[in-house]
Amino acid sequence: MVRELTTDYAGRRGPLFRLALKTSLFTVLTLGFYRFWMKTRLRRYYWSAIRPGGSPLEYVGTPTEKLLGFLTAVVVLAFYIGVVNLVLMFFSFSLFEGNAPAYALSFLGLAPIYFFAQYRARRYLLARTRWRGIRFGLEPGVKGYVWRAFVHWLVTILTLGILWPRMTFALEKYRTDRTFYGDHRFEQTGRWTGLLGAMKHVYLAVALIAAGTLAAVLSEEPVWLVAAAMGGVWLALGLAYWKAESFRRLTEGKRLGAMGFRCRPRPGTIFGIYLGGSLAISGIFAAVLLIVMVALGLVLGAMFASVDLDAGFDSPEDLAGLPAWLFSLVGIAVYFLIFLLWGALRHVFITMPIARHFAEVTTIIGAEGLVGVKQRERDEFAEAEGFADALPLGGGI
Amino acid sequence: MSAFEAFADFFDGASANRRRVGLRLDVEALVLGLPEGVPLRWPLADLRARPDQADPGRMVLSLAEDPVARLVLSDADLIARIRAAAPALKRRPPVAHKGRIAGWALGAVASVVLIIFVLVPTMADQLARWLPPEGERALGDATFEQIRNALGRESFVPVDVCEAPEGLVALEAMAARLNAGDDLPYPLRLTVLDDDLVNAFALPGGRIVIFRGLLDEALGPNEVAAVLAHEIGHVVGRDPTRDALRLAGSVGVLGLIFGDFAGGTVVLVLANELINASYSQKAETGADDYAHELLTEAGLPPAALGTFFERLRDEYGDAEGIEAHLSSHPQMTARIEAALQAQAAADSAGRLGPPALDDDQWQALRSICGPAEHQPVEFPEDAMPPSHSPDDARDRLGTSKTEKSK
């Protein structure tokens, strides 16, 4: 009897928005200290929303674990960043009389730490994820990941991005082959060439942009730029296609014992989410800003009306009879408000819909094998994902 | 055989197998009826509900001492009754490793403090000395261009450099009078920028920038000479270079701590200002002391530094309290007193000579950016600047302000 488990998704926009906004507010009020709690709570929500076979995933990480990991990382990284940046700036100006080399070298120096942080963060995330009570896990292997990532990135940059699918597959295989569910090990089957098909639209679009631009420059006729513009639109669609297709091919290539996956994401849906989401966010933002400006205008107008204009003034603050610091405070408040709103809206309109789509199109095949999966030991892993928390690794959950 | 009230999914945490169990809520426990064998009893006091779940219609229960077993129920009625009956659903396990967290927190704070306030400044000091002059000039030039662009204000044109030949000659003459030659690691480059700002500063590599606003505010060449001497003090101490290097070190570390939380950059900037300020106050006092010496050597009155600041204080206010800590300049009162003390010492040693520039040179300097905006102020032949009351200063400055408003 071959059993298949479809995945349903339980996340809803409203509750997620409220959670994201509330936790972001606390984070700002605590000057960033609450962010460990914020991330943990959002992860709990996102994980429990995904329900393969109706049973939810569970995130069991704790905020204090993250905090401890972060503090550990700070002790090490503060030294590295403080001293190394300073020395690099010195050498950059001594030898090259410019600060560009310093920034470039600083970047290069941080790359290994960056990859280190990536792998360890994934290890922590998997170690604290459970499904049906059974833990996931990632074997230690960070050294191998760091040098592989470094070399692959170098190759990708040298080939101007053409070998991006190769890097994607190689790193995904390295991670997947060391990933466990209970006592069963995952395996990434397939070859990197299988991903070329997923990248085809990106290649074609970039070629069109390059050709169009070149033709416009050589023939000095701007009409060719239209081709480049069309290439731009194609590129946007092509990236959505890559995201969907690469996910499908990589997921369908994964095995857990005799179990596997079937995955049918729709590139059109992915693109629609990004496009629609961006428009929705911009629209809401514009509306909120408009309301805030109107409100501010009304308040200031009331204040101006009550002031004697003949007395003369040096600046708007004097006119309104308010100290300058109040204006700065309002400015700072608006700045933070924008960040809070933007973060929460991004969760609601982009991150969650994408997660939902990928979850709902994924099916586990051969699920009768689950009976044989046994529990694995807890991975204590004190450093948690401290380095990833300390370095700016970009958004995401 | 008591009937079950509802069914739920049970995961025993030993295998990934899902079991359907019957549930019954007893007085003291939740009873799980397993398909095979003895029913499990989960005491109500030990029931914990997993937090922040996406589906409000489901409850995921765990047992206090058992970290892996899970019970997932969706029967609304039973969920409500469990919520009412179980006393500790929301209790979290006590924070593990409290000692370790405290220890590492202390370590992190100590590490950061040590690095920002000791290691980085020390290294910046040392490295500033070793930086070859061409490198410093490059650093200074890069910063200079940035500043010119930043001050462009409404237009996107960078602020003009004032280059009237007679003015430049006068400026060089003033620098020559001060005669800092031997102390300087590289030759000075003096520049006047055409802006209202009443300020002057030194950049790495020996470039000193004076704003036209400062020339307009000064009552006589001795005051400009005093400011120039102060800035030369910065150049001699290589303060700008040390600042730039120190900034490179600190900013990275601060970014690390505050992370990329929403709007973190604002806090970053504020924190950096704070660190900047305490470090710079020492440098400012040092530059003041050097200026007093340089002025005395050249036969010029150190008090000029004091009176200039006094007028600026009357006009712009002193930085008291918190602002004093944030501003990089030591409170002006302290500076004025120091200047007057140096003056007294110079007086008693009889070391004062003629003013820094003669009438023609002073006029040339004031017109370096174009024709001077208001009548020159006569000053007496001896070197002492005219005594004045704050009211005189305010009147004079009041007129010039409206003239300057564009």
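The values are calculated or read from the model by the stated rules, or taken from the named source; none is laboratory data. Everything quoted here is computed from the prediction, not taken from an experiment. Note that we place each Cβ from the backbone using ideal geometry, even for glycine, and neighbour counts take in every protein chain shown. When the accessible area is computed, the model is the full protein with side chains, heavy atoms only, and any ligands, DNA or RNA have been set aside. Shrake-Rupley method; radii C 1.70, N 1.55, O 1.52, S 1.80 Å.
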message: If R₀ is 30 angstrom, what is the calculated FRET efficiency for the pair A:F33 and B:L340, using the beta carbon separation as r and rounding to 0.05?
response: 0.05
field: Too-long pairs where the Cα-Cα distance tops 26 Å, listed order kept, from A:K143/A:K243; A:K173/B:K98; A:K66/B:K90; A:K173/A:K243; A:K254/A:K374
entry: A:K143/A:K243; A:K173/B:K98
- line: Under a Gaussian network model of chain A whose springs join Cα atoms within less than 10 Å, the largest fluctuation of A:A117, A:A302, A:A382 belongs to A:A302
- line: Taking Cα atoms, the helix A:100-127 axis meets the longest principal axis of chain A at an angle in degrees (rounded to 10) of 50
For residues of A:53-59, the mean tally of beta carbons on other chains within 10 Å: 5
- request: For peptide B:85-98, compute the average count of partner chain beta-carbon atoms within 10 Å of each residue's beta-carbon.
  value: 1
- prompt: Which of these, A:F271, A:F107, A:F17, has the largest mean-square fluctuation under a Gaussian network model of chain A (Cα springs below 10 Å)?
  reply: A:F107
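Return an integer: the convex hull volume of the alpha-carbon atoms of segment A:243-289, in Å³ per residue.
Here the figure is 75 Å³ per residue.
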- request: Note the angle between two axes, namely the Cα long axis of helix A:63-96 and the longest principal axis of the Cα atoms of chain A, as a number of degrees from 0 to 90, rounded to the nearest 10.
  value: 70
task: Stick to the Cα atoms of segment B:139-226, pair each with every other, and give me the Kirkwood hydrodynamic radius in Å at one decimal.
output: 13.8
- prompt: Say each of B:A64 and B:L106 gets a label point 7 Å from the Cα, pointing the same way as Cα to Cβ; how far apart are those two points in nm?
  reply: 3.1
query: To the nearest 10 Å², what's A:Y181's accessible area with a 1.4 Å probe?
result: 10
message: Keeping all protein chains in the complex and leaving out DNA, RNA and ligands, what accessible area do you get for A:I291 with a 1.4 Å probe, in Å² to the nearest 10?
response: 120
message: I'd like the accessible area for A:T179, computed on protein heavy atoms only with a 1.4 Å probe and all protein chains in place. Round to 10 Å², please.
response: 10
message: Is the C-alpha gyration tensor of segment A:200-305 telling us rounded, prolate or oblate? Criteria: a/c under 1.5 is rounded; beyond that, a/b larger than b/c is prolate, otherwise oblate.
response: oblate
field: Within 10 Å of each Cβ in A:34-40, the average number of Cβ atoms from other chains
entry: 2
- prompt: Counting pairs of alpha carbon atoms under 8 Å apart in space and at least six apart in sequence, what relative contact order in percent does segment A:159-217 give?
  reply: 30
message: At 7 Å along Cα-to-Cβ for each site, give me the label-to-label distance between B:A85 and A:Y335 in nm.
response: 5.5
Gyration tensor over alpha-carbon atoms, chain A, equivalent ellipsoid semi-axes in Å: 41, 30, 27
task: With label points built 7 Å along Cα→Cβ from the Cα atoms of A:S94 and A:R266, find their separation and express it in nm.
output: 6.2
